[in-house]
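Bear in mind these aren't lab numbers, they're just calculated from the coordinates by the rules spelled out. This one's a predicted model, so the numbers in the text were calculated from it and none came from an experiment. All Cβ positions, even for glycine, are placed from backbone atoms using ideal geometry, and neighbour counts span all protein chains on display.
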Amino acid sequence: MRIRAALIAVALTGLTALSACSSGGASSSDTLKVGVSPVPHAQILKYVADNLAAEKGLKIEVVEFTDYVQPNTALVDGSLDANYFQTVPYLETFTKDSGAPVEWVQPVHVEPLGLYSKKVKKLDELADGAKIAVANDATNEARGLRLLEANGLIKLKDVDQPSVRDLAENPKKLQFVPLEAAQLPRSLDDTDASVINGNYAIDAGLKPASDSLALEKAEGNPNANGLVTRTELKDDKRIRDLAELLGSQQVKDYIKQTFDGSVIPV
């Protein structure tokens, strides 16, 4: 599903559902329902729920999603109290297109985006006309193209959010195959290389630090994954407590020890 179609659905129906579910800025349950991607977000949040939440008297229900659309639509319709899976640029695109009353709370970690291949071992082995899969949502498509540009494969026009239509130079005449982000690891059998988000790469058994042909730099990376909630809940004590725990030294240490450089705390 293209993200824009989902955003239109949010704009038309999600906000109505929100008003029906809202109860004065607080959830009807003491349990905080948080939507996450399975890896590494669910692992990190389960660590918090099992080891740290009790000290705050916090109860967390971890709700896993395998795509990048449902966690936001479920947050808007009141099924979730927060989510933890996305970057600021992705959230900005969502709120711009939908008008949904959701807000960034704080960053937690960076998952460097990488270019992977089963066909070649080095970037310079990519043949002319090679097929490269990229994410089909605007934010991750732009991010993937910028990775290719940073590694000298293409040159982009000077636009805020480039797409495959914004190539200024494509010396290898690369062919781009837009796919839903979750499908990118599976595409490796059918493409010459694929640009894969860190969480999906890890979930597929890839090690970004060693398996990628090219990898985003963590330093100064604007694509940290973080905690998001509805505007009405931003000052909810449960959200503040969860944000404090996700930013704690215990969580930073857990991320470093568990993901071996594939996920980097911020």
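Structural remarks
- Unit charges at the beta carbon, dipole of the chain: most positive-side option, V108, G205, V263: G205
- Extension gain from T258 to D189, taking 0.36 nm per residue of separation minus the Cα-Cα distance: 22.0 nm
- When only Cα pairs below 8 angstrom with a gap of at least 6 residues are kept, region 114-215 shows a relative contact order of 44 percent.
- Which label in (1) 58, 43, 30; (2) 64, 43, 36; (3) 72, 65, 31 gives the computed Cα extents along the principal axes in Å: (1)
- Proximity of backbone amide H atoms, modeled 1.01 Å from N, is registered between I60 and L32 at under 5 Å, excluding neighbours fewer than 5 places apart on the same chain.
- Computed from backbone phi with θ = phi - 60° and the Karplus coefficients 6.51, -1.76 and 1.60, the 3J(HN,Hα) list for region 53-62 is 4, 4, 5, 9, x, 9, 10, 10, 9, 8 Hz; x is used for glycine and proline.
- Nonlocal amide H pairs with N225, under 5 Å, H built at 1.01 Å: V108, H109, V110, E111
- Hits among lysines - C-alpha to C-alpha of K96 under 22 Å, sequence gap 8 or more where chains match: K234
- Dipole in debye (nearest 20) - the chain, about Cα centre, beta carbon charges: Lys, Arg +1; Asp, Glu -1: 300 debye
- When the Cα positions of A127, N140, I154 are compared along the charge dipole of region 114-215, A127 comes out farthest toward the positive end, with charges on each C-beta of Lys, Arg, Asp and Glu.
- By the rule of a C-alpha distance below 16 Å, with chain neighbours fewer than 8 residues away ignored, the lysines paired with K131 are K118, K119, K121, K122, K172, K173.
- Remark on K131: its backbone amide H falls under 5 Å from those of Q175, D192, A193, a criterion applied only to residues 5 or more positions apart or on other chains, H modelled at 1.01 Å from N.
- Under 19 Å from K46, Cα to Cα: lysines that are on another chain or at least 8 residues apart: K33, K56, K59, K252, K256
- Taken about its Cα centre, region 114-215 carries a charge dipole of roughly 220 debye when the Cβ of each Lys and Arg holds +1 and the Cβ of each Asp and Glu holds -1.
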